[in-house]
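Taken together, the values in this text are just the output of simple stated rules run on the coordinates, not laboratory data. All values derive from a computational prediction rather than experimental measurement. Cβ placement follows ideal geometry from the backbone for every residue including glycine, while neighbour counts extend to all protein chains displayed.
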Amino acid sequence: MNELSKLFRDIAGQARGYDVSASALRVARRRRNLRRIAPIVLPLLLVALIAGVWLPLHRAEAPSTNPLFWLPSRIAAPDASTPDLPTDRAVGVAALVYTPCPQDCWRVVVLRDGTQYRLASPGSQPVHRLSAGLSPDGRWVAYPDAKGDLMLRDLTGRTVVTFPDMRPRAWSPGGRYLALVPVNYRSPPPVTIVDLTTAAAIRTLSMQAPKAGYAMDMAGILDSGELIWVTSEFANIAPPDLTSVPQIPLPKSAQVQITDPGGRQVLHQWALQAPAGSGYMAPTSAIISMLDGRLLVRFTVAYAWGTAAGPADIVDATTGAVLTHYAVPAAAGPFDIWGAAGLADGRLLVVRARAKQPQVALLEHTNGKPQTISEVEGGYGTLILPGNAY
Amino acid sequence: METFAGFNEFVAARSVALSRVAYLLTGDHAAGEDLLQEALVKAAIRWSKVSNPEAFVRKVMYRQAVSIWRRRRRIQVDPVPEPPEGGGPDVSENVIRQLLLELALERLTPRQRAVLVLRFYEDRSVTEAAELLGCSEGTVKSQTNHALQRLRELAPELGDMSREAIR
């Protein structure tokens, strides 16, 4: 034994006899029991974990957390007791305008608190049954009366202005301007600009006709007064019968021009390219001007039975660069996904009509997953959300 | 309980020897007790399958002592109190050398310390030490040399005995 070994033994001699027998057995029993129940408990914990994480997220998509606070989660079907829109007083801002059945229905405006009022009976032409508009802030509603003249009503006041033989085309995102076009027109339409601060038409402008085989339409207006025009290779905007099934296939690309308020100078110009499987169908609110200056462009998918909402892109207004892409679930039939509508804040609402329980679903920004935020009872023919015009 | 039959008797018979190894490996009573208990828990869980409990417990203690997880846990243990400086008039030279060795051992890595305990306390061969630590014989040799070299640096007073140990 050398000196080092001896020193080690001396040090070891300082060790106490650690009395750990009982505690070691206790811990061993506990661990053994845990190992026995682990095959049962772990799967249960896993299930609980998944449920605990997933369910709250799932619930977060329920109407109770509706990010569109202004849209009632349930819209009751109007009946004979639904009053006419009073002309002598303000009623408050609206959440949507719709017709509760496909044909020969009164148009109804639904306020944010769910109150409903009947608007004037639509005119006789198909375009009158479809055409209406609601300003992005829900303040102004535009709809044709029985004669087909456009009524522009301030829901927060008593102002009503009539524009004969016109229909709404586009609202500026901040609610400053409304662009009107004639009920029937040849491309490109003469555009009448209404300043909503005075409810008066401030100018009418006409653009030069595009070359043969192309159609030019007015697609949007910015709060600066600048105008958005789209020229596509053929005209499926074909007036006057807008209820007919559009031509198939839809144009895959279009040329976008943004002009000054007078329509004289082109400020920006770029090509609009439709995502695969879809096309650009002008003009019914296919382009929505957003409050931050970007554009929300909706595309259309052509099916054998007609057309339905397709994907949508948020694009840079000056370059057309795609910033955000929305995927919209494919329609299973004419009564599955009926359409879509963009909002001035960049959200995209898919209007899904299923049997007799139509729903308005909000598409998730990130993954395109729809979540139901409102249910419209009784079905409908047209449904117009703030910022849209048809 | 039947599955632990003989466990208490084994611990009663070998706890002193095992406690000494645990103390040498850790240099601290609390950590040593913890190390021994952990090894005994593992032995108890496999009690019916362990043919040589003492060898099993020692192997677990050595490997646990040098494992990275063990080292992390030791960080949380209260530091070993500083030994008294120098020696009083009644302190023998051997006690001083013990203290020096203990202080030097504190500065070694857990693996170096375990190698020294195996080689100079338990008088294990290189082969046995390698098997217990789960490493190669070359590693044991190199770790032994490094540990002794480090001891000479840390405690020159132990230089002679460390050189002697190499021979």
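Based only on other Cβ atoms within 10 Å, what is the fewest-to-most ordering of A:ASP223, A:ASP313?
Details: A:ASP223 16, A:ASP313 22.
Ascending Cβ contact count within 10 Å gives the list A:ASP223, A:ASP313.
By the count of other C-beta atoms within 10 Å, a proxy for reagent exposure, A:LEU362, B:LEU40 are ordered fewest to most as A:LEU362, B:LEU40. Summing Cβ point charges (Lys, Arg +1; Asp, Glu -1) relative to the Cα centre of the range B:1-41 gives a dipole of roughly 180 debye.
Between the range A:1-30 and the range A:278-343, how far is it from one alpha carbon centroid to the other, in angstrom? Distance between centres, Cα-based: 77 Å.
Here the label points at A:ARG36 and B:ALA12, each 7 Å from Cα along the C-beta direction, are separated by 2.6 nm in the simple model. Neighbour counts of other Cβ atoms within 10 Å put B:MET61, A:MET290 in the fewest-to-most order A:MET290, B:MET61. Take each residue in B:100-113, count the other chain C-beta atoms within 10 Å of its C-beta, and the mean is 1.
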